[in-house]
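The values are calculated or read from the model by the stated rules, or taken from the named source; none is laboratory data. Keep in mind that what you see is a predicted model, and the values were worked out from it rather than measured. Virtual Cβ from ideal backbone geometry, glycine too; neighbours counted across all protein chains shown. Keep in mind that these areas ignore ligands, DNA and RNA; they rest on the heavy atoms of the full protein, side chains included. Shrake-Rupley method; radii C 1.70, N 1.55, O 1.52, S 1.80 Å.
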Amino acid sequence: MESLDDLADDVAALEKRVADAIFETVRAQLRSDEAEGAKELERRLSRVRRSLQKAEHLLRQNEDD
């Protein structure tokens, strides 16, 4: 069975990928006149990123207990 720390590492890596996607979305907004769709995507990705950060924290917290 995979350890919780390993799972937390996987979640952290996924969070970094989402952060990169947010950055790319913001860049696309700056280059485009039709940025409304990109703004909604940025908001959704930001919510996903915060959720992943919370999940990582919870997994690592369990390791500390």
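In whole angstrom, how long is each semi-axis of the equivalent ellipsoid of the chain, when you take the square root of 5 times every eigenvalue of its Cα gyration tensor and sort them from largest down?
Taking √(5λ) for each Cα gyration eigenvalue gives 31, 10, 7 Å.
When the charge dipole of the chain is built from unit charges on Cβ atoms (+1 for Lys and Arg, -1 for Asp and Glu) and taken about the Cα centre, the candidate among 37, 12, 22 whose Cα reaches farthest toward its positive end is 37. Multiplying the residue separation of residue 58 and residue 13 by 0.36 nm and removing their Cα-Cα distance gives an extension gain of 14.7 nm.
Between the helical axis of 4-31 and the longest alpha-carbon principal axis of the chain there is an angle of about 10 degrees. Here is how the number arises for the chain: DSSP H runs of 4 or more residues each give -39500 (n - 2.57), the sum is divided by the residue count, and the result at 222 nm is -31500 deg cm²/dmol.
Once the other residues with Cβ under 15 Å from the Cβ of residue 50 are scored (Lys, Arg +1; Asp, Glu -1), what is the net sum? Working shown, then result.
Values: positive: 16, 17, 43, 44, 47, 49, 54; negative: 15, 42, 56.
Around residue 50, the charge tally is +4.
Could you please state how large a percent of the accessible area of the chain is carbon and sulfur, counting protein chains only and using a 1.4 Å probe? The C+S portion of the solvent-accessible surface of the chain is 51 percent. Here the Gaussian network model covers the chain, with springs between Cα atoms less than 10 Å apart; of 45, 14, 30, 30 fluctuates the most. Summed over the residues of the chain and divided among them, the accessible surface reaches 78 Å² per residue at a probe radius of 1.4 Å. About its Cα centre, the dipole of the chain is roughly 480 debye, where the only charges are +1 on Lys and Arg Cβ and -1 on Asp and Glu Cβ.
Helix 36-64 and the long axis of the chain differ in direction by around 10°, with both axes built from C-alpha atoms.
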